[in-house]
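The values are calculated or read from the model by the stated rules, or taken from the named source; none is laboratory data. Everything numeric in this text was worked out from a predicted model, so none of it was measured. All Cβ positions, glycine included, derive from the backbone under ideal geometry; neighbour counts span all protein chains shown. These accessible areas exclude ligands, DNA and RNA; they are computed on the full protein's heavy atoms, side chains included. Shrake-Rupley method; radii C 1.70, N 1.55, O 1.52, S 1.80 Å.
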Amino acid sequence: IFVADFIGETNLFSTVVTKWEGNTAYVDVEGCSVPVEGTGLRAGEAVTLSVRPERIRLSSQPEPGFFYLQVRLKERIFVGTALKTVLVLPTGTEVVVSEQALAPVTSEQNEYYITWNTEAAVVIKTE
């Protein structure tokens with residue numbers, strides 16, 4: 001889910017805490033185990049994960065050593081010097097990635113991968 005209101009632009013993922021390993025909690029996003037920072041979380045607890053568009057990395061191949069979500073390209077929009085890319089997860093959920101438009105986009109690729117650093121995601125407890 002992509003939200004652009006009083007909190008600014010962000011991508012929201014409704015999920016559940018699946019496990020703890022050391023000081024890291026893991027949540028399930030589209031069947032992928034995603035590490036998150038957060039204290040006071042319990043396994044089985046429903047949470048929402050918020051990730052800003054500029055904190056998501058888009059690549060043509062999965063990055064070794066990182067979790068990744070496979071996405072399909074929906075559209076690209078140039079906004080000044082920024083390139084907004086709208087992607088779709090297999091479940092139909094849209095994700096927006098924002099990058100600097102440094103070079104013309106000529107790739108005809110339709111399938112991509114996204115990932116982000118653990119500290120890029122904010123965990124919001126669901127009540």
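Descending by average beta-carbon neighbour count within 10 Å, the peptides 111-120, 31-40, 58-67 line up as 111-120, 31-40, 58-67, the highest first.
Contact order for the stretch 57-120, expressed relative to its length and based on alpha carbon pairs under 8 Å spaced 6+ residues apart, stands at 42 percent. Farthest toward the positive end of the dipole of the stretch 20-91, out of 80, 62, 47, is the Cα of 80, where the dipole comes from beta carbon charges about the Cα centre. Here the accessible area of the stretch 1-90 is 53 percent carbon and sulfur, with a 1.4 angstrom probe and all protein chains present.
Expressed in Å, the radius of gyration and Dmax of the Cα atoms of the stretch 26-103 are 14.3, 44. Placing +1 on the Cβ of every Lys and Arg and -1 on the Cβ of every Asp and Glu, with no other charges, gives the stretch 1-103 a dipole of roughly 160 debye about its Cα centre. Remark: relative contact order (the chain) = 28 percent; criterion is Cα-Cα distance under 8 angstrom and separation of 6 or more residues.
In the context of the full set of protein chains, residues of the chain present 57 Å² of accessible surface per residue (probe radius 1.4 Å, heavy atoms only).
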